[in-house]
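Written below as structure tokens is the structure these notes are about.
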Amino acid sequence: MADAFIVDAVRTAGGKRNGRLSGWHPADLAACTLNALIDRNDFDPAVVEDVIMGCVGQVGEQSLHIGRNAVLSSRLPQSVPAVSIDRQCGSSQQSVHFAAQAVMSGTQDVVIAAGVESMTRVPMFSSVLSEKGCDPYSEAMKARFGVDGFSQFIGAEMMAEKYGFSREQLDAFAFESHKRSAAAIEEGAFDAEIVPVEWTTPTGEVELHKVDEGVRFDASMEGLASLQPLVEGGHITAGVASQICDGAAAVLVMSEHAVEAYDLRPLARIRQLTVTGGDPVIMLEEPLFATDRALARAGLSIDEIDLFEVNEAFAPVPLAWLRHTGADPGKLNVNGGAIALGHPLGATGAKLMATLAHALRRRGARYGLQTMCEGGGLANVTIIEAL
């Protein structure tokens with residue numbers, strides 16, 4: 001089977017709700033990352049054979065085919081097709097998988113995997129709230145699992161209880177996420193992956209947004225401890241959950257033939273692609289078991305992986321993943337995660353891939369593994385090898 005290479009991977013810095021990216025139409029925001037791939041790499045953009053765009057809230061400004069609209073908002077030729085996909089929080093990680101599979105199959109040579117989510121302009125659950133009385137879960141589905149509904153927030157509480165994590169342990173993980181993100185920003189660890197975009201200040205000045213807006217440089221355990229749980233007597237607070245975020249990301253995937261033809265230096269080779277389904281009630285646990293399968297299929301042990309990106313949807317998820325896999329905590333989310341940096345839903349998979357690929361190169365490391373929990377009890381795992 002042919003190899004698939006990540007030639008480049010970029011992202012916008014995260015924007016807080018109603019923050020610096022809130023003035024951007026999501027199609028234009030996604031176009032910024034597509035344009036960056038053109039600007040940063042010497043190849044004819046007309047050879048791009050598809051753009052695969054992940055997006056969860058495909059309603060309002062993100063409706064009517066956000067992927068195609070992003071292409072038409074960019075400097076890519078109108079001849080470049082696109083598709084919009086939804087695998088919930090793993091949407092743009094699945095975009096990377098689909099792009100890699102197209103290249104590995106030999107049917108395409110140049111594909112862009114991307115994602116976008118403006119959670120300010122298209123709030124979470126907009127597709128459900130737009131229709132009064134709408135319930136995406138049928139009575140048969142609920143009866144099958146013996147529940148009245150499915151909720152990621154309930155799933156997070158279930159994981160905290162199942163694995164015995166205390167409130168203090170969750171707060172400590174969140175605190176570490178902010179510390180690592182702040183340190184990464186100060187060290188310039190994100191400089192190679194971030195695409196600066198313009199924003200207008202309240203005083204009317206135009207500046208470049210190039211620093212993740214949600215990171216709390218003054219985070220403290222005392223501040224986290226003061227937050228109220230989302231449900232009375234629960235473990236989960238806003239402080240140990242991923243931040244609402246606006247953002248976009250894009251990954252340029254090419255075949256060996258295309259890499260050689262354009263004389264490009266890839267960031268990484270894609271080594272393994274796995275997606276699995278599990279319990280939709282606890283919902284967030286599947287990355288644990290998907291990681292087991294991915295490692296087995298790749299013929300690698302957990303100790304051979306140099307860096308891990310496990311999406312911090314809620315603190316119990318990466319903590320449970322660490323306990324299950326026995327991975328070194330020092331290799332996990334070394335530049336912080338979504339608790340500090342934000343989780344722009346459909347863009348997060350490509351965003352994490354940008355961070356992982358550049359972190360491997362920056363540290364001179366070899367293998368990286370990315371995984372994330374997804375609505376419905378799904379999980380994607382991607383293993384890459386830095387070049």
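Observations on the structure shown:
- Hits in segment 323-366 - residues which are surrounded by fewer than 24 Cβ atoms within 10 Å (Cβ to Cβ) and closer than 18 Å to residue 286 by Cα: 323, 324, 325, 326, 327, 332
- Test: residue 41 is more than 17 Å from the chain's Cα centre (by Cα), within 13 Å of residue 112 (Cβ to Cβ), in contact (Cβ under 8 Å) with a residue 60 or more places away in the chain and surrounded by fewer than 23 Cβ atoms within 10 Å (Cβ to Cβ): yes
- Residue that is surrounded by the fewest Cβ atoms within 10 Å (Cβ to Cβ), among those in segment 126-151 that are in contact (Cβ under 8 Å) with a residue 40 or more places away in the chain, assigned to a loop (DSSP other than H, G, I, E, B) and not hydroxyl-bearing (Ser, Thr, Tyr): 147
- Considering each residue of segment 7-24 in turn, none proves to be under 19 Å from residue 102 (Cβ atoms), at pLDDT 95 or above, in contact with a helix residue (DSSP H, G or I) (Cβ under 9 Å, 6 or more places away or on another chain) and aromatic (Phe, Trp, Tyr).
- Residues of segment 1-24 that are surrounded by fewer than 24 Cβ atoms within 10 Å (Cβ to Cβ) and either under 20 Å from residue 337 (Cα atoms) or out of contact with any strand residue (DSSP E or B) (no Cβ under 8 Å at 6 or more places or on another chain) (or both): 1, 16, 17, 18, 19, 20.
- Positions within segment 302-324 being more than 18 Å from residue 164 (Cα to Cα), touching a Gly at 6+ places or on another chain (Cβ under 8 Å) and either part of a helix (DSSP H, G or I) or free of Cβ contacts under 8 Å to residues at least 60 places away in the same chain (or both), in sequence order: 302
- Residues located in segment 259-283, provided they are assigned to a loop (DSSP other than H, G, I, E, B) and either of a type in the set (Ser, Thr, Tyr) or free of Cβ contacts under 8 Å to residues at least 12 places away in the same chain (or both): 262
- Contacts under 8 angstrom Cβ, first residue in segment 227-253 being polar (S, T, N, Q), partner part of a strand (DSSP E or B), 6 or more apart: 228/237; 237/229; 242/314; 243/16
- Within segment 14-30, residues that are in contact (Cβ under 8 Å) with a residue 24 or more places away in the chain and basic (Lys, Arg) have Cβ atoms under 6 Å from residues that are outside any loop (DSSP other than H, G, I, E, B) and buried (at least 18 other Cβ atoms within 10 Å of the Cβ) in these pairs: 20/199; 20/209, counting only partners at least 6 apart in sequence or on another chain.
- Check on residue 363, over 27 Å from residue 211 (Cβ atoms) and not hydrophobic (A, V, I, L, M, F, W, C): no
- Segment 44-63, residues that are under 17 Å from the mean Cα position of the chain (by Cα), farther than 21 Å from residue 194 by Cβ and in a strand (DSSP E or B): 52
- The C-beta contact set for segment 62-78 (first residue within 12 Å of residue 26 (Cβ to Cβ) and hydroxyl-bearing (Ser, Thr, Tyr), second residue in a loop (DSSP other than H, G, I, E, B) and modelled with pLDDT of 95 or more, distance under 9 angstrom, 6+ apart or interchain) comprises 63/57; 63/122; 73/25.
- Set side by side, the residues 187, 256, 222 differ, and just one is without any contact (Cβ under 8 Å) to a residue 24 or more places away in the chain and farther than 19 Å from residue 355 by Cα, which is 222.
- Selection count where residues are on the phi > 0 side of the Ramachandran plot and either small (Gly, Ala, Ser) or assigned to a helix (DSSP H, G or I) (or both), scope segment 9-35: 0
- Evaluation of residue 308 against (1) closer than 16 Å to residue 6 by Cβ; (2) touching a helix residue (DSSP H, G or I) at 6+ places or on another chain (Cβ under 7 Å) (one fails), failing number: (1)
- For segment 79-106, the set of residues classified as within 15 Å of the chain's Cα centre (by Cα), outside any helix (DSSP H, G or I) and aliphatic (A, V, I, L, M) consists of 85 only.
- The criterion of being more than 18 Å from residue 343 (Cβ to Cβ) and among the acidic types (Asp, Glu) does not hold for residue 176.
- Boolean, residue 113 is in contact with a Ser or Thr (Cβ under 6 Å, 6 or more places away or on another chain) and crowded, with 18+ Cβ neighbours inside 10 Å: yes
The values are calculated or read from the model by the stated rules, or taken from the named source; none is laboratory data. Just so we're clear, the structure is a prediction, and the values are computed from it rather than from any experiment. Please note: Cβ atoms are built from the backbone with ideal geometry, for glycine as well, and neighbour counts cover all protein chains shown.
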